Amino acid sequence: MLIVMPDARFDTAEFEEGVIGDRAEFRVYQAGSLDDVPDDVWAAADGLLIWGRTPCNAAMLDRTPKARIVVRMGVGFDAIDIEEAGKRGVVACNVPDYGTTDVADHAIGLMLALTRGIVRHHINLVDEPVAKWRGIETPVVRRARGTTFGLVGRGRIGTAAGLRAKALGMDVIFYDPYLPDGSDQAVGFGRRESLEDLLRDADVISCHTPLTEETRGMINGQALSCMQPHAILINTSRGEVVDVDAVTEALKAGRIAAAGLDVLPQEPPDPNHPLFQALKNREDWTDGRVIVTPHAAWYSPDGARDCREKGAATALHYLMGGPMRNCVNEQFLTNPH
């Protein structure tokens, strides 16, 4: 059986092949882009492992008539047309647990980098190590203990980030209409019944939602207007959850204090976007108030290995006759192969 990785991020398939081991009937074909995959390989594919650089849609599925499973190598599965896959009997899965630790750490890291002035101190000392050898006074630098950390979405990663914030002495609240009553009591978080209530009450907002039609653009100008002027926005979820144009305007106008963004609606970003032009020019309203990282919250050598091994194991398990694991399109699935 053939498992195809058409948009691989790494030079070799060593970890995926390690999962397959000595099962001679299985092999992995890896390519850096869809154009590098020959037609006969597409036609022979029994399973797909995709990183999401290009969508797994009807066009891709047309090329893989034998495919029985597609695994998104990550948590978010918006790169897969799960309804189209389901209609064709193709099981769609994700790897929901690989990045919990890394992304939660990154969210807290972005918050601390802003609230402790770490990046601004560093840049100041690179520019003028003697004259700027001093602490900086800004509305962003503050003590974590006693402030309120607000989670938009409280799944695995959101819960992990909230527990880290709680360990810093922060009060943790969340908005997640899909969690049953009582889940807040299990972790000692406060629940808010609306997004607006959460945004009004929190000093730091951290987004941890999947990208759906409901969450697309949910942190927009109206939502930002509910936040306190000293509040900080963190996004390590999906870029399109947050309207970056609205965030840029809110920062510029002083309606929010700071933003830490690991994901953006367009990746890589347009260098001519007003936010990146302002960062490049070191405009005052960005100084110590904006940190951008390149969709890197998921990554560590351990995390990457987890993702690759768990994704390959999910495909292998199903192709060997095992039950579906981490299926995300069961509601659309008809006559699975």
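The values are calculated or read from the model by the stated rules, or taken from the named source; none is laboratory data. None of these values were measured; they are calculated from a predicted model. Glycine also receives a Cβ, built like all others from the backbone with ideal geometry; neighbour counts cover every protein chain displayed.
So if I check each of Y29, Y98, which one is modelled with pLDDT under 90 and of a type in the set (S, T, Y)?
Criteria check complete, one pass: Y98.
Give me a count of the residues in segment 208-228 that are in contact with a Leu (Cβ under 8 Å, 6 or more places away or on another chain) and not in a loop (DSSP other than H, G, I, E, B).
Result for segment 208-228: 4.
Scan the strands (runs of 3 or more DSSP E) fully inside segment 1-76 and keep the ones with 2 or more residues being surrounded by fewer than 21 Cβ atoms within 10 Å (Cβ to Cβ).
27-30
Please go through segment 229-266 and give me each residue that is part of a helix (DSSP H, G or I) and of a type in the set (A, V, I, L, M, F, W, C), ordered by number.
Within segment 229-266, V241, V244, A246, V247, A250, L251, A253 meet the criteria.
Collect the residues in segment 154-175 that are more than 18 Å from the chain's Cα centre (by Cα) and not in a helix (DSSP H, G or I), keeping them in residue-number order.
Matches in segment 154-175: L168, G169, M170, D171, V172, I173.
Can you tell me which of (1) part of a loop (DSSP other than H, G, I, E, B); (2) within 30 Å of F26 (Cα to Cα); (3) of a type in the set (G, A, S) is the one A296 doesn't meet?
Condition not satisfied by A296: (2).
Any residue in segment 127-156 that's assigned by TED's automatic domain parsing to the domain that holds R255: show its pairings with residues that are polar (S, T, N, Q) and assigned to a loop (DSSP other than H, G, I, E, B) at Cβ separation under 9 Å, as long as the two are six or more apart or on different chains.
V152/T209; V152/T215; V152/S237; G153/T209; G153/T215; G153/S237; G155/T209
Quick test for you: out of D35, D46, D40, pick the one residue that is outside the structural domain of E267 (by TED's automatic domain parsing) and touching a Lys or Arg at 6+ places or on another chain (Cβ under 6 Å).
Matching residue, one of D35, D46, D40: D46.
Against the conditions (1) surrounded by 18 or more Cβ atoms within 10 Å (Cβ to Cβ); (2) polar (S, T, N, Q); (3) within 19 Å of P229 (Cβ to Cβ), where does T138 fall short? Just the number, please.
The failed condition is (1).
(1) under 15 Å from the mean Cα position of the chain (by Cα); (2) within 21 Å of V290 (Cβ to Cβ); (3) surrounded by fewer than 18 Cβ atoms within 10 Å (Cβ to Cβ): which one isn't true of D97, the others all being true?
Against the list (1) under 15 Å from the mean Cα position of the chain (by Cα); (2) within 21 Å of V290 (Cβ to Cβ); (3) surrounded by fewer than 18 Cβ atoms within 10 Å (Cβ to Cβ), D97 comes up short only on (2).
With (1) more than 10 Å from F149 (Cβ to Cβ); (2) under 23 Å from the mean Cα position of the chain (by Cα); (3) surrounded by 15 or more Cβ atoms within 10 Å (Cβ to Cβ) as the list, and D201 as the residue in question, which single condition is left unmet?
(2)
Only one of A131, A144, A186 is in a loop (DSSP other than H, G, I, E, B), small (G, A, S) and modelled with pLDDT under 95. Can you tell me which?
From the options A131, A144, A186, the qualifying one is A131.
Which residues, taken from segment 273-293, are β-branched (V, I, T) and in a helix (DSSP H, G or I)?
T286
State whether the residues of segment 313-336 include one that is modelled with pLDDT under 95, among the small types (G, A, S), farther than 30 Å from D46 by Cβ and out of contact with any Leu (no Cβ under 6 Å at 6 or more places or on another chain).
no
(1) under 30 Å from G74 (Cβ atoms); (2) part of a helix (DSSP H, G or I): which one isn't true of I123, the others all being true?
Tallying (1) under 30 Å from G74 (Cβ atoms); (2) part of a helix (DSSP H, G or I), I123 fails exactly one: (1).
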